[in-house]
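Novice: Structure provided below as structure tokens; questions to follow.
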Amino acid sequence: MQKLGSKTYDCAVGCPVEATLDLIDGKWKGVILYHLLDDTIRFNELKRRLSRITQRMLTRQLRELEADGLIHREIYAEVPPRVEYSLTALGRSLEPVVRMLWTWGNQYLATEAARAGAVNGAVSLSPRVRRSLPAGRA
């Protein structure tokens, strides 16, 4: 048994996968990490990029990522206060994983769009997949 924080892992075969997924689980954490790969981003810019997330959920996800040591929050003593988020070294170490998730997801969306088009609409894309496609692809 291995204990990290308040979570205990039995370290069976899937233990490292479970530990990794615990860090990036949830609908938004992976997407937040993706947006932070190339930039230091202010809170409102993240909110604009993730248009379907609520302010409360974004705040919660950012706090969890910060508590897990994946992102750094920099607060500037200005009026109004400016807060910027960036990846820590630990967060940066997830870059290959996040980029691979993007690559796999992009291929999946293309395959689903092609499959739906090939059967002339007899099989439609799920609403979740349809929302994620660029305009004109669904």
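Any read-out appearing in this document is the output of simple, stated calculations on the displayed coordinates, not a laboratory observation. Predicted model only: the values in this text are computed from it and were never measured. Quick reminder, even Gly has a Cβ in these numbers, built from the backbone with ideal geometry, and neighbours come from all protein chains shown.
Novice: Residues with amide H under 5 Å of R82's amide H, sequence separation 5 or more or different chain, H placed in the peptide plane at 1.01 Å from N; which?
Specialist: Y76
Novice: Here's something else I'd like to know. For H72, what residues show an amide H to amide H distance below 5 Å, using hydrogens built from the backbone and excluding near sequence neighbours?
Specialist: Here S86, L87, T88 satisfy the definition.
Novice: Given R₀ = 22 Å, FRET efficiency for L21-T111 by Cβ-Cβ distance, to 0.05?
Specialist: Values: r = 23 Å, r/R0 = 1.06.
Here the calculated transfer efficiency is 0.40.
Novice: Something else now. Quote to one decimal, in nm, the extra length available between R73 and D39 on full extension: 0.36 nm per residue of separation minus the C-alpha distance between them. Provide the component values of the computation, followed by the final result.
Specialist: Working: separation 34, 0.36 × 34 = 12.24 nm, distance 1.30 nm.
Taking 0.36 nm per residue and subtracting the Cα distance, the gain is 10.9 nm.
Novice: Ok, one more. Neighbouring Cβ atoms within 10 Å as the yardstick, rank K29, K47 fewest first.
Specialist: On the way: K29 19, K47 15.
By the 10 Å Cβ count, ascending, the order reads K47, K29.
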